[in-house]
Every structure is written in C-alpha cells, then in structure tokens.
Amino acid sequence: MTNRPHVKQKLLIAIGVTLIFILLGLFSLSGDNYEILKTLLSKDHSNEALRDLLMDFGWRGYIVIAALSTLQLVCTLLPAEPVQVLAGFTFGFPIGLLCCMIGVLLGSTMIYLLQKTFGDQMREFFVKKLNLDLEKIAHSSKATVIIFILFFLPAIPYGMICFLAASMGMSYRRFILVTGLGALPSVCIGVSLGYMAIVSNWIVTVCVFSALLLVVIVLFWKKDLIFSRLNHYADTHKAASPNRVRDVNGVVMTVVYYAVRFFFFLCGVRVKAVSKAGALEKPALVLCNHGSFIDFIYAAAVLWKYKPNFISARLYFYDRRLGWLLRNLGAFPKSMFAVDMENARNCFTVLRKKNILAMMPEARLSTTGRFEDIQENTYSFIKTAGVNIYTVKISGDYLADPKWGKGFRRGSLVEVELDTLYTAEQLQEITLDELKQGIEQRLSYNEFEWLKQHPKIHYRSKRMAEGLENILMTCPLCHQKHSITTEKDRVCCEHCGYLTSVDDRYGFTGDFQFENLTGWYDWQKALLEKEITQNPEYALSSKVELRLPSDGKGLTRHGGYGVCILNRNGLTYDGTKDEETVHLHFSLQRIYRLLFGAGENFEIYNGPEILYFVPEEKRSAVDWYMASMILYDEAARADT
C-alpha cells in the first residue's frame, strides 16, 4: 500500500524540485557558462573549440555536464547522446562518465520525487506513447529485467523509463539502483564515442558509430514486436504474492529461537518444555493458546525441529523488516476476524505440502490471563482440514509478560506441553460440537488458578502494577471511568486516592474487594453489560485518529481524523481517510470482536487493510473491546 503525500508534503517537494531547476538555470546562465550554452547551440564553433572552452572552465565545466545530464533526464524530450559524447570528448572516459552519471542519479531522484508527489498524472503524461501494458509490467516478477531492457531500446528517453519505474511503487533505494545500473551501459557507449574521437583515428570512430547506428535502426524498426514480446514476458512472469506461505528458513529460525531463549535467561524467565505426542505425523495442525505476544517462541520449544508455519496477524507484516523476518520464520498473515481468502489458500497449501500448520485459534492476546472464546468458523476450518490435530498448552506466559504490562517479570516460569488431540481418523468420526468441546477442554486456561499450583513462584518487577489502568477502566469505589492510575506496584484513583497495590504473585494487597485483576475486570464488564442491556439506544463514541497500513516503515501511518460510534447497528467511522471524507460502516456480524491494544487503540480489518483507531482517551480502548463483545453476543442470542 502506497503512502500518498499530504498537501504540505506535495507543496514542499514541488518547491524543492522547482528550486533545483532554478539553481541549475542560474548556474548555467551565470558568468562564462552562458558562453558554453551558446556554443552548444551554435554551428560556428568546432568540437575542438568547444572542448577547449570547457577545459578552460575547470570544475565549472564538470558541473555544466552534470547539470545538462540532469535536465535532459527530467525534460524527457531532450536527447542524451550529445551531452554524453561531449563529456567523453572533453574530459575523457572516466571523468566524463562520472559527470554524466551524477547528472543521471540527480535527475532520477527528481523524477522519483515528482512521481511520488503527483502520482499517476505524471505517469500517464510521460508513458502514454509506449505500447506497453504497464499494469502487467508493474505486477510482474521480472519488472526489474524489463526496466533494464527498456534502457537499451531507441526512441525511449531515460526520463520516461524512470517515471515508469517510479510508478511501480519501488523503494527509493531499489529505484535508484535499477535506474542507475540501467542507464550505465548506454551512458558508457555515449561517453566512449566522444572519447574515441580524440584517441582513435576517424576510421575506427566512424565504423563503431555506423555499427551502433545500424543496431538502433533495427531496434527502432522492430520496436512494436519488442514491446509485444515484453508484454508477453511480463504476463508469463506474474509476481507471486509477497504474502504467500514460504518454507521455514532453518538458519533464521535457529538464530532467532536461541537468541530469544538467551534473552529469556537475561530477563529471568525459565521455560520448561515437555512433549507427550511422540513424533508428529505430517500433515498436521497444531493449536496453541495465546496468553503472550511471543507465544510462538514458547511453542517453538517443542515444535522448532518440525519447522512449522505459523499464522500471524497481518498488522505485523506491514513493517518491511519485521515482515521479512516473519516470512523467513515460515509465518504468513491473517486479517483477524475478517474474511481472508489469501490466508485460507496459504493454510491449505501448508497442509497439501504435508507440513505443520500452527495457529492460535483465540486470535488475540488474553486480556486477563484466561481462555478467550474461539470464532465458530475456526472450528469449521479445523474440521474441514481433516488432518492430525495436536495442541501446545502454554502456562505462565501471561504472567511472565501480560498484555497490559511493562516488560518481563523476573522469576517467571513458563510451562509448554505438546500433546495429541485427535488423529485424522478420529477427526472424521466426531461431530463439530464434539470437536469444539475437545479443543476448549484442552486449551482452556486460567493463569491465576495455575499460579495457585505453583506456590514457590514469586515475580520480581519494579513496575508490577503499571499498565493495569489500560484494562481496569472503572473505579470500584466511586465508579468513575478512566480514573485509575498506576505507579510501580501502586494502584490509585484520581478521585479516591490510593486503592491497593500488587504483590509478587499478582494479588491485590490490603482489605481490597477483589483478590486480583480478574475479579475487578469481571465486575466492570458486568456493569457495562447491564448498561448496554438496559439502554436500547446505547452508543459508545469517541474522536479518533485513523491510522492505516504503512509503506513498509513501521506498522502504521497517519490516515486521518474522525469520529467512531459503536452501537447495535455496528461500528461507524465518519472522518477523513487519506485527505478524502469517508463514511465507513461495519455491521456487528463483521466485527465479532474489536481487537485492541491496551492503552493504545482498537482496530478492525477491512480485507487486507487494517483500520487502526486511536481514541482521545487511550485507556478507553478496552471499552471498545468489551462493548463489541457484549453487543455481538447479544445479537447472536437474538438470532438463535
């Protein structure tokens, strides 16, 4: 997804490019440089006189050649060859080539900025005469090869090719490398012709020039055929989706696994892994519970030798570097709680190749360290897969690094257990309800009940309570919302003052009405459910910042501002999206659960695109999650 510049960015880029043109113009017309331009357009001066004139100007002559190369690239109707021949004739091959290539790189950069600013308007203007299927080329795995070929064809100015390359959504680094290397051979030829004029006799020069001219004539005569072949070449080499499932890179997985395990050691986190399943029979589906952000590392303790393919939230693939790492680890993206055909194809590809598919069917991090429900269509997929089913039960992961917490807790123990749930034959014989019951029974967990079975565990952190205000939204004393604050191990209310503190086993201290955070969370959820049930017109609203998938730098980027409303009709956003006024609506059936980041945002996927909403009161993100759950479940009960 491209990151379209805002008005201010467009204005700054336009001013910058214009300023460069003005400076080049002023330099070209300043002092004795004006004489050079007159000489270039005059027939009264010999080549030797022009060479002597440029040589007399010293370093100013180098800048003139570079500036002319820049102008001929951006002003695509200006021919490049005269400037290149002049550079070779005047300064020799190495220096002449360097001057021309500096101009080419500067001109390419200006074209890249113009394309990113004015988009398809520039592309349509500069490439409308090319008999090429630009869409096929842009989506071809051989797009770079085709760009290189175009640089060798006559009657296609470099500028047009650069505008075409910039319109393909390349990063600047790749763009400048492709256009620079593509232009290099023809620039070498042009500079060499000028250089040969002073180091070789005229017969050799004429022969070389005649041979090149013959090649140009043939290529120009056959250009329609060449364009047709290029279109066919692009069509037969369609680029594979960057999100297609890939085999696990064993080296990357090993390095990452042991690096993270070493990090666990430094953080004081012990991992105890046990396998009760024996050797896994492929193809297979492995189901894991999901209490921690890095559960796939815990699961790898019993799975890494099998090189499983994990399903991961699509959000993390928006970042170019993180996406690269995840793909090399065999992960592929999923738009959570949304129809995602690409993900479905990838899942069946993994199973068809007789590999291990690993997934976390809860599809979001646990808010309170307890099992979250699983969407019904997930059970249907598992039943349809018809392969061996295994489970990885992870305990202690939430308490080691909770969703709302600030870093790992020293003294943590994480237990990982791999076991068989159903063979492929057993899966065929059971009903969907029996499958659901079996999965929930195996994966169900309560971290605080698990902790009671491990009385020797004591967690050490200077910030045990910090972040709790992002999931505990209502004060149990004054019932004020979003008044909870935390510092170190202390929990306070902005209205009531000190409430309690969190001990080294996540318990609330003093004569507090809740034993731990789960009781508090359940109490506030019951309050909200009562409020929604008793109010037919219930609506949750907030001003929000809309963030959209990034262009590869980070996970998201700014997309606009507006207002979100959640009620029994669903979720509505009215505001701006990439400078356009939009009205977006999602029914409750499409929402299921609004994903949320504690104290950060709530989000929903619209196909492959995430709509990432940052509310004014960031602590209210959990409100949107709980309200969406209550409203959806209410509507589901009404339909049955």
Provide the per-residue ³J(HN,Hα) series for region 86-95, in order, calculated from phi with Karplus coefficients 6.51, -1.76, 1.60 and θ = phi - 60°, each as a whole number of Hz, with x at glycine and proline positions. 4, 5, x, 5, 8, 10, x, 5, x, 5
Probe 1.4 Å, heavy atoms of protein chains only: per residue, the accessible area of region 261-351 in Å² is 43
What GluC sites (Glu not before Pro) in region 561-640 are in a loop by DSSP, with at most 16 other Cβ atoms within 10 Å of the Cβ? Glu579, Glu600, Glu616, Glu617
Going down the list Lys393/Lys462; Lys307/Lys353; Lys276/Lys334; Lys276/Lys383, which pairs span over 20 Å between their C-alpha atoms? Lys393/Lys462; Lys276/Lys334; Lys276/Lys383
Label points 7 Å out from Cα along the Cβ direction at Ser541 and Ile149: separation in nm? 5.8
In Å², rounded to a whole number, the accessible area per residue of region 388-468 with probe 1.4 Å is 45
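Starting from the Cα-Cα distance between Tyr316 and Tyr561, subtract it from 0.36 nm times their residue separation and give me the gain in nm to one decimal.
Answer, rounded to one decimal: 85.9 nm.
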Counting only protein heavy atoms and rolling a 1.4 Å probe, one gets per residue an accessible area for region 532-599 in Å² of 46
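Report the trypsin sites (Lys or Arg not before Pro) located in region 431-471 that are in a DSSP loop and have at most 16 other Cβ atoms inside 10 Å of their Cβ, or state none. List each step's numbers first, then the result.
Numbers: sites: Lys436, Arg442, Lys452, Lys456, Arg460, Lys462, Arg463; in loops: Lys456, Lys462, Arg463.
Answer by residue number: Lys456, Lys462, Arg463.
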Computed over region 485-573, the distribution of all Cα-Cα distances in 10 Å bins, rounded to whole %, is 13, 25, 24, 32, 6, 0
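Volume per residue, Å³, of the convex hull around the alpha-carbon atoms of region 426-555? Could you put the intermediate results ahead of the total?
Numbers: hull volume 33.8 nm³, N = 130.
Spelled out: Cα convex hull of region 426-555, divided by residues, is 260 Å³.
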From the square roots a ≥ b ≥ c of the eigenvalues of the alpha-carbon gyration tensor of region 319-401, which class results: rounded (a/c under 1.5), prolate (a/b over b/c), or oblate? oblate
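Provide the packing ranking of 539-545, 145-151, i.e. peptides ordered by the mean count of other C-beta atoms within 10 Å per residue, highest first. Intermediate values should be presented prior to the final figure.
Details: 539-545: 16.3, 145-151: 18.7.
Top of the packing list down: 145-151, 539-545.
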Over region 291-408, calculate the relative contact order: mean separation of alpha carbon pairs under 8 Å at least 6 apart, over the residue count, as a percent. 33
Here P(r) for region 501-638, Cα-Cα distances in 5 Å bins, as whole percents, is 2, 10, 17, 20, 17, 12, 10, 7, 4, 1, 0
Check Thr474: other-chain or 5+ apart residues with amide H under 5 Å from its amide H, H built from backbone geometry? His482
If I model a spin label as a point 7 Å beyond the Cα along the Cα-Cβ vector, how far apart are those points for Glu616 and Phe265 in nm? 5.1
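Where the accessible area of region 519-640 is counted over protein heavy atoms with a 1.4 Å probe, how much of it, in %, is carbon and sulfur? It would help to have the intermediate numbers written out before the result.
Numbers: 2550 of 5240 Å².
Solvent-exposed carbon and sulfur of region 519-640 make up 49 percent of the total.
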Please work out whether region 534-588 counts as rounded, prolate or oblate from its C-alpha gyration tensor, where a ≥ b ≥ c are the square roots of the eigenvalues and a/c under 1.5 means rounded, while otherwise a/b larger than b/c means prolate and anything else oblate? prolate
Probe 1.4 Å, all protein chains present, accessible-area order of Phe163, Phe293, Phe89, largest first: Phe293, Phe89, Phe163
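May I ask you to give the percent of accessible area on region 365-420 that is carbon plus sulfur, with a probe radius of 1.4 Å? The partial results should precede the final answer.
Values: 640 of 1500 Å².
Taking all protein chains in place, region 365-420 shows 43 percent carbon and sulfur surface.
Where nothing but the Cβ of Lys and Arg (+1) and of Asp and Glu (-1) is charged, how large is the charge dipole of region 552-618 around its Cα centre, in debye to the nearest 20?
On the way: 7 positive and 9 negative charges, 56 e Å.
Result for region 552-618 is approximately 260 debye, rounded to the nearest 20.
The values are calculated or read from the model by the stated rules, or taken from the named source; none is laboratory data. Just so it is clear, the model here is predicted, and its values are computed rather than measured. All Cβ positions, glycine included, derive from the backbone under ideal geometry; neighbour counts span all protein chains shown. Side chains included, ligands, DNA and RNA excluded: accessible areas come from the protein's heavy atoms. Shrake-Rupley method; radii C 1.70, N 1.55, O 1.52, S 1.80 Å.
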